[in-house]
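One structure is given here, and the rest of the page talks about it.
The values are calculated or read from the model by the stated rules, or taken from the named source; none is laboratory data. Here the structure is a predicted model, which is why all the values come from computation and not from measurement. We place every Cβ from the backbone using ideal geometry, glycine too, and count neighbours over all the protein chains shown.
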């Protein structure tokens with residue numbers, strides 16, 4: 001059997017199916033990997049269903065050896081990212097790669113070389129990855145936290161991959177952190193006093209979202225997000241169609257008492273989104289809703305009981321970010337959601353993230369409520 005590795009672009013429906021299937025095969029023996037629903041992966045790669053393709057373009061590659069598919073990778077450009085300031089991590093000349101899976105390092109090196117060549121052909125002079133496909137999807141490579149399964153919308157990969165990437169000439173550009181929190185205990189007395197002070201302030205209102213006005217509430221939250229995160233490393237604004245798409249995608253796992261909006265003098269200025277860990281019921285389904293997975297999932301969604309809640313997104317409008325009020329609003333929203341998560345959903349732990357490694361404000365909040373670092377994802381860069 002030949003050991004020659006052939007890397008070729010994905011061109012047909014059969015190629016795309018092979019690209020998707022490979023992820024399931026190569027990760028099947030990892031007890032902590034959670035198989036995503038196949039329809040979700042198909043939709044991610046479908047320009048007709050994923051509005052990222054309105055401002056992005058991608059080329060998928062497959063690696064074959066001895067008649068077997070042994071690896072895959074995407075190379076892609078986000079034209080909105082190309083317009084961002086260079087000092088924020090993206091900017092002109094920066095292309096991306098992601099969705100990487102490989103049987104061994106030789107396969108990986110062949111794949112990354114093809115991805116880099118595609119980026120050069122598009123005029124790129126810097127490679128940044130993994131990002132799959134958008135920075136809002138699954139950015140970064142897991143480098144710490146391999147001993148437990150990821151929570152909803154978080155990635156998981158082989159512990160061999162970071163070494164392979166380093167030997168391909170890549171260096172860390174940014175770390176994305178997640179924090180583990182035991183929510184069964186009250187927060188420290190200092191935090192309780194800050195919360196109580198906020199509750200006495202008539203200017204502050206912390207409210208649940210109204211799911212009967214879902215589209216309006218989703219737009220409000222994501223518009224705060226676009227403002228709050230606009231100076232962050234790696235930020236790429238969400239388009240109107242992406243905002244609508246994210247809202248539709250998240251609606252089945254959105255519960256009113258787990259998402260808070262903070263208002264000051266009637267103006268929405270902050271939000272916190274918390275999601276029950278959908279990976280808990282998804283893991284046994286192994287990526288398929290058939291024959292009975294759909295019924296199990298629908299039953300779970302009627303009244304979810306989970307061990308873990310994840311806080312994937314939180315934001316305070318830019319004009320308040322340097323104020324004491326910002327942390328006060330954050331503590332209030334975290335505490336209100338903590339109470340609901342315990343009493344209604346049976347949760348015992350929370351996960352906050354990801355958090356940029358240089359986001360000192362959010363890291364300080366996480367540490368003040370006695371959470372601990374449990375996972376790290378790294379985005380790498382290399383000049384082309």
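Specify the residue that is surrounded by the most Cβ atoms within 10 Å (Cβ to Cβ); the eligible residues are those in the stretch 242-276 that are under 22 Å from residue 44 (Cβ atoms) and at pLDDT 90 or above.
Step one: of the stretch 242-276, the residues under 22 Å from residue 44 (Cβ atoms) are 242-254, 273, 275-276.
From what's left, at pLDDT 90 or above: 273, 275-276.
Details: 273: 21, 275: 23, 276: 26.
Result: 276.
Residue check, residue 342 against (1) buried (at least 21 other Cβ atoms within 10 Å of the Cβ); (2) at pLDDT 95 or above, all met but one. Which one?
Only one criterion is unmet by residue 342, namely (1).
Restrict the check to the stretch 111-130 and report whether at least one residue is under 28 Å from residue 357 (Cβ atoms), at pLDDT below 95 and either outside the structural domain of residue 159 (by TED's automatic domain parsing) or part of a helix (DSSP H, G or I) (or both). Before you say what the answer is, go through the steps one by one.
Let us first name the residues in the stretch 111-130 that are under 28 Å from residue 357 (Cβ atoms), namely 111-112, 115-116, 119, 124-130.
Next, from what is left, pick out any that are at pLDDT below 95: none.
The answer is no, given that none of the residues of the stretch 111-130 is under 28 Å from residue 357 (Cβ atoms), at pLDDT below 95 and either outside the structural domain of residue 159 (by TED's automatic domain parsing) or part of a helix (DSSP H, G or I) (or both).
Of the numbered conditions (1) in contact with a strand residue (DSSP E or B) (Cβ under 8 Å, 6 or more places away or on another chain); (2) surrounded by 19 or more Cβ atoms within 10 Å (Cβ to Cβ), residue 381 fails exactly one; give the number of that condition.
Answer for residue 381: the failing condition is (2).
Residues are listed down the side, and each one gets a yes or a no for (1) closer than 21 Å to residue 281 by Cβ; (2) touching a strand residue (DSSP E or B) at 6+ places or on another chain (Cβ under 9 Å):
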position: 151; (1), (2): yes, yes
position: 165; (1), (2): no, yes
position: 183; (1), (2): yes, yes
position: 195; (1), (2): no, no
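Could you tell me whether the stretch 106-120 includes any residue that is under 21 Å from the mean Cα position of the chain (by Cα) and surrounded by 23 or more Cβ atoms within 10 Å (Cβ to Cβ)? Walk me through how you get there before you give the answer.
At the first step, the residues of the stretch 106-120 found to be under 21 Å from the mean Cα position of the chain (by Cα) are none.
Checked against the condition, which is being under 21 Å from the mean Cα position of the chain (by Cα) and surrounded by 23 or more Cβ atoms within 10 Å (Cβ to Cβ), the stretch 106-120 yields no hits at all.
Where the second residue is part of a loop (DSSP other than H, G, I, E, B) and surrounded by fewer than 16 Cβ atoms within 10 Å (Cβ to Cβ) and the first is in contact (Cβ under 8 Å) with a residue 60 or more places away in the chain and lies in the stretch 257-272, which pairs have Cβ atoms under 8 Å and are six or more apart or on separate chains?
264/203; 265/203
Could you check the stretch 37-55 and list, in sequence order, the residues that are surrounded by 15 or more Cβ atoms within 10 Å (Cβ to Cβ) and out of contact with any helix residue (DSSP H, G or I) (no Cβ under 8 Å at 6 or more places or on another chain)? Talk me through it step by step, then tell me what you get.
Step one: of the stretch 37-55, the residues surrounded by 15 or more Cβ atoms within 10 Å (Cβ to Cβ) are 37-38, 41, 44-45, 50-53, 55.
Listed by number, the residues that qualify are 44, 53, 55.
With (1) surrounded by fewer than 17 Cβ atoms within 10 Å (Cβ to Cβ); (2) over 18 Å from residue 150 (Cβ atoms) as the list, and residue 284 as the residue in question, which single condition is left unmet?
(2)
If you scan the stretch 321-334, which residues turn out to be assigned to a helix (DSSP H, G or I) and surrounded by fewer than 17 Cβ atoms within 10 Å (Cβ to Cβ)?
Step one: list which residues in the stretch 321-334 are assigned to a helix (DSSP H, G or I), which gives 324-334.
324 - this is the single residue of the stretch 321-334 that is assigned to a helix (DSSP H, G or I) and surrounded by fewer than 17 Cβ atoms within 10 Å (Cβ to Cβ).
So residue 236 passes all but one of these: (1) touching a strand residue (DSSP E or B) at 6+ places or on another chain (Cβ under 8 Å); (2) under 30 Å from residue 116 (Cβ atoms); (3) in the same structural domain as residue 314 (by TED's automatic domain parsing); (4) surrounded by fewer than 18 Cβ atoms within 10 Å (Cβ to Cβ). Which condition number does it fail?
Just one mismatch for residue 236, condition (4).
To keep it simple, each residue is scored yes or no on (1) in a loop (DSSP other than H, G, I, E, B); (2) surrounded by 19 or more Cβ atoms within 10 Å (Cβ to Cβ); (3) not assigned by TED's automatic domain parsing to the domain that holds residue 97.
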site	(1), (2), (3)
135	yes, yes, no
142	no, yes, no
148	yes, no, no
154	yes, yes, no
166	no, no, no
185	yes, no, yes
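Only one residue in 56, 71 is at pLDDT 95 or above, farther than 22 Å from residue 104 by Cα and touching a strand residue (DSSP E or B) at 6+ places or on another chain (Cβ under 6 Å), so which one is that? Can you show your working first?
Numbers: 71 fails: farther than 22 Å from residue 104 by Cα.
Going through 56, 71 in turn, just one is at pLDDT 95 or above, farther than 22 Å from residue 104 by Cα and touching a strand residue (DSSP E or B) at 6+ places or on another chain (Cβ under 6 Å): 56.
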